[in-house]
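Data block below; observations after.
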Amino acid sequence: MAAAPPTIGLKPYLNVVDRATELGCNPPNGLTVLPRNFHSATSREDLLHEDTAPTLRALWVEAGIAETRLEPEGTRFPYIEENSFEWVGPTILFGSAVFIQNPHVISVTLSVLANYLTDYFKGRPNPKVKFSVVVPLPKSKKYAKLDYEGDPEGIKEISKLIKDIRNEKRKP
Amino acid sequence: MRSGSHEITLPQDLMHFWERVFKALHEGRSHSYMSHAKEFQEQASDRFQELGLECGDLMEKAVAKNDENSANALLSMKFMLNAAFNELGMWIALKDGEAEGAWNALIVAQGSVRCALRSHAIGKCIEGQANHLLRLEDVLFPPQVFVSSGHVVESYECTICDKEYGTCGHVVGRPYMGEMCCRRRKGIKSVDHVAFVEDPLDKRCRITDFEQDDKVRRDKLTWNEVKEDEADAEQRSKDDAEQKPKGDNMRRASVCLLRPDLEPGL
């Protein structure tokens, strides 16, 4: 049976900087990993990263991609671990600084992830990947969230969608 | 030797060893049938174990020479031998009436094939085994109900360098000088949930037996009746007193805490 084609949902998202400040976290404006419950946690102590977050960070360290961490210095958010073969990734924020200083980091980040996941799923049919990307909307304090669900092959479509959002060809 | 589109480059003595491993795997696979006599399967299994030990010795030498290519190739061979050993182990266990042992051996074989693929390009030669072992799962065993638990974990440590995982640049599931990078949990804070899942990380975590409407508990692999123990009898009285609805009550499950012998690097 052929795998279902990937889907990318697009919807509005909260103001990430305001929310981070509200939770007592570093206001993120570069490449950042957002915790699973970033939108709903009542305090910083409740924040939980996906257990795949450190792997993403390890890939970035290996590729020389710099991250601006949400966690204040000396703080670590615990991880929620699911033991399913579906790869549930964290929400990746491409903050405004990425688009101003280093937009090519978007395609590099996604490509590094896609390559890793292709390897991860070797020997396993019907790979399932789920993760989200958050980007700022142009000329606005608003943000959009892209929810990806599919195989590693489809991840490259996200770059194009981000470009369309930034060029105002697509809106959440 | 070709493996897919890549020319495998290894020192000559290692190529000779690889030829011996490849031959043993090929011969062993020729006995991977229910109808083949157990003695041939056991002989092949012994051969795999011997080669596995030799692999370990060669790997020590490769690491001492700082030859990562050879060390990772040997890691892949080790996983291939483990996969083949467990595949034959499955048939032997089935013949011995040990259905659970057979299931577990199959799952370990599947995980070992995936590790062999990730360890080195040489692993590509057993790519077809992955699908073959999945087909065996469907053909030899009834469908299973898998259980997975979600945990909240304080942090992870890298097993290559012992630093906090995510900060060191080592990536889980990749080989480094003959060792697969894994992550070590530091502090399970809580069990967040237990769920039924379609595709767990460890297929050994499953419902092992269940009770039907007639109150007979049956093993999910063999369909044999499973006798109730004292704890279950007590729970049943409690459920009856609370007038819980009857039906397919799955009273037992093995809870998933990922076991390191399955698939390092997950």
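Please say if the stretch B:1-142 is rounded, prolate or oblate, where rounded means a/c under 1.5 for a ≥ b ≥ c the square roots of the C-alpha gyration tensor eigenvalues, and otherwise the choice is prolate for a/b larger than b/c and oblate otherwise? Each step should come with its number before you reach the end.
On the way: a/c = 2.18, a/b = 1.80, b/c = 1.21.
Here the stretch B:1-142 falls in the prolate category.
Past 26 Å, Cα to Cα, is the threshold; run A:Lys128/A:Lys169; A:Lys122/A:Lys163; B:Lys95/B:Lys215; B:Lys78/B:Lys203; B:Lys78/B:Lys220; A:Lys141/A:Lys171 against it and keep the listed order.
Details: A:Lys128/A:Lys169 28 Å; A:Lys122/A:Lys163 30 Å; B:Lys95/B:Lys215 30 Å; B:Lys78/B:Lys203 22 Å; B:Lys78/B:Lys220 32 Å; A:Lys141/A:Lys171 14 Å.
Beyond 26 Å: A:Lys128/A:Lys169; A:Lys122/A:Lys163; B:Lys95/B:Lys215; B:Lys78/B:Lys220.
What does the average come to when, for each residue of peptide B:172-184, you count the partner chain Cβ atoms lying within 10 Å of its Cβ? The partial results should precede the final answer.
On the way: counts 6, 5, 6, 0, 0, 0, 0, 0, 0, 2, 0, 5, 0.
Counting other chains' Cβ atoms within 10 Å and averaging over B:172-184 gives 2.
For the Cα atoms of chain B, what angle does the longest principal axis make with the long axis of helix B:230-241, in degrees from 0 to 90, nearest 10?
50
Would you please classify the overall shape of chain B from the alpha carbon gyration tensor, given that a ≥ b ≥ c denote the square roots of the eigenvalues, rounded means a/c under 1.5, and beyond that prolate means a/b larger than b/c while oblate covers the rest? Could you put the intermediate results ahead of the total?
Numbers: a/c = 2.96, a/b = 1.53, b/c = 1.93.
Taking the square roots of the gyration eigenvalues as a ≥ b ≥ c, chain B is oblate.
For the stretch B:19-32, take each phi angle, set θ = phi - 60°, evaluate the Karplus expression 6.51 cos²θ - 1.76 cosθ + 1.60, and give the result in whole Hz per residue in order, putting x for glycine and proline.
So the J values, rounded to whole Hz, are 4, 5, 5, 4, 5, 5, 5, 4, 5, x, 5, 5, 9, 7.
Reachable lysines from B:Lys186, Cα under 19 Å, same-chain residues fewer than 8 places away excluded?
B:Lys163
Run the reach check for B:Lys65 against aspartates and glutamates, Cα to Cα strictly under 12 Å, same-chain hits fewer than 8 apart removed. What comes back?
Those aspartates and glutamates meeting the cut-off do not exist here.
Other chains near A:83-96: what is the mean number of their Cβ atoms within 10 Å of each residue's Cβ? Let's see the in-between values first.
Working: counts 18, 10, 11, 5, 0, 0, 0, 0, 0, 0, 0, 0, 0, 0.
The mean count of partner-chain Cβ atoms within 10 Å per residue comes to 3.
Taking the Cα of A:Arg170, stepping 7 Å toward and past its beta carbon, and measuring to each backbone N in the stretch A:96-110: which are under 13 Å?
none
I need the peptides A:113-126, B:120-133, B:188-201, B:71-84 ranked by packing, meaning the mean over residues of other C-beta atoms within 10 angstrom, with the highest value on top. Show your work: numbers first, answer last.
Details: A:113-126: 18.0, B:120-133: 19.9, B:188-201: 15.1, B:71-84: 27.1.
Ranked by mean Cβ neighbours within 10 Å, highest first: B:71-84, B:120-133, A:113-126, B:188-201.
Read-outs: derived from the displayed coordinates by stated rules, not from any lab. A quick note: this is a predicted structure, and the numbers were derived from the prediction, not measured. Here the Cβ is made from the backbone with ideal geometry for all residues, glycine too, and neighbour counts use every protein chain on show.
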